[in-house]
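Q: Take this structure first; my questions come after.
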Amino acid sequence: MYGNQTNGGSSFFSGGGFMPSQATQTTDHSSSSSSSTKVRGAQGVLPLTVKQISEAYHSNDDKSSFAIDGIDASNVRLLGLVMSKAERITDVSFTLDDGTGRIDVNRWVNETSDTSEMAIIENGMYVTISGTLKGFQGKNMLLPSRSGL
């Protein structure tokens, strides 16, 4: 029942968003051949771990998008523990710890609804965040979408 092989030999239960893709042929992302490696786009939101995000690499030369296990990761989702929340006039930032690592999360405050949405989040609370990955000062960061908290 669970071992039924379909879809060209891959099981319905392989992967689950947290396993490395078998379609990825190379793990050396520092060579010049990585720009010629085919990266397939994700359809929807990818559930990831902080460890996977920390191992992400830029999927093209302009460094605007990331690839994780050979998949273009523009929209991602994380579940983790909120730590070190800091509120400022222009933004709210905190660290999210999911057990595999920590990532900085920054939400820019543009409207009153943004402020009230971020006021609910407290240190020690578990949250699920959907957003986009960005590189800033050599670190990967998560920028939550407007309805991503």
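Q: Go through the stretch 39-59 and give me each residue that's modelled with pLDDT of 80 or more and in a strand (DSSP E or B).
A: Leu46, Pro47
Q: When the residues of the stretch 116-144 are filtered to those that are of a type in the set (S, T, N, Q) and either in contact with a Phe, Trp or Tyr (Cβ under 8 Å, 6 or more places away or on another chain) or surrounded by 14 or more Cβ atoms within 10 Å (Cβ to Cβ) (or both), which remaining residue is modelled with the highest pLDDT?
A: This residue is Asn123.
Q: Only residues that are surrounded by fewer than 13 Cβ atoms within 10 Å (Cβ to Cβ), outside any strand (DSSP E or B) and of a type outside the set (D, E, K, R): list them for the stretch 78-110, please.
A: Ile89, Thr90, Gly99, Asn110
Q: Write out, first by first residue and then by second, each pair whose Cβ atoms fall under 6 Å of each other, whose residues are 6+ apart or on separate chains, and whose first residue, in the stretch 45-57, is over 17 Å from Gln137 (Cα atoms) while the second is part of a strand (DSSP E or B).
A: Val45/Arg77; Val45/Ser130; Leu46/Val76; Pro47/Arg77; Leu48/Val76; Val50/Ile103; Gln52/Ile68
Q: Could you grab the pairs with beta carbons closer than 8 Å, sequence gap of 6+ or different chains, first residue in the stretch 104-127 and closer than 13 Å to Pro144 by Cβ, second one assigned to a helix (DSSP H, G or I) and polar (S, T, N, Q)?
A: Between residues of the stretch 104-127 that are closer than 13 Å to Pro144 by Cβ and residues that are assigned to a helix (DSSP H, G or I) and polar (S, T, N, Q), the close pairs are Val109/Thr115.
Q: Considering only the stretch 111-127, how many residues are assigned to a loop (DSSP other than H, G, I, E, B) and of a type in the set (A, V, I, L, M)?
A: Final tally of qualifying residues: 3.
Q: Kindly provide the set of residues from the stretch 60-76 that are surrounded by 17 or more Cβ atoms within 10 Å (Cβ to Cβ) and modelled with pLDDT of 80 or more, ordered by number.
A: Val76 - this is the single residue of the stretch 60-76 that is surrounded by 17 or more Cβ atoms within 10 Å (Cβ to Cβ) and modelled with pLDDT of 80 or more.
Q: Return the residue satisfying two criteria in turn: it lies in the stretch 71-110 and is acidic (Asp, Glu) and over 18 Å from Thr128 (Cβ atoms), and of such residues it is nearest to the chain's Cα centre (by Cα).
A: Among those that are acidic (Asp, Glu) and over 18 Å from Thr128 (Cβ atoms), it is Asp72.
The values are calculated or read from the model by the stated rules, or taken from the named source; none is laboratory data. From a predicted model like this one, the values you see are computed outputs, not experimental measurements. A quick note on method: Cβ atoms are made from the backbone with ideal geometry, for glycine too, and the neighbour counts reach across all protein chains shown.
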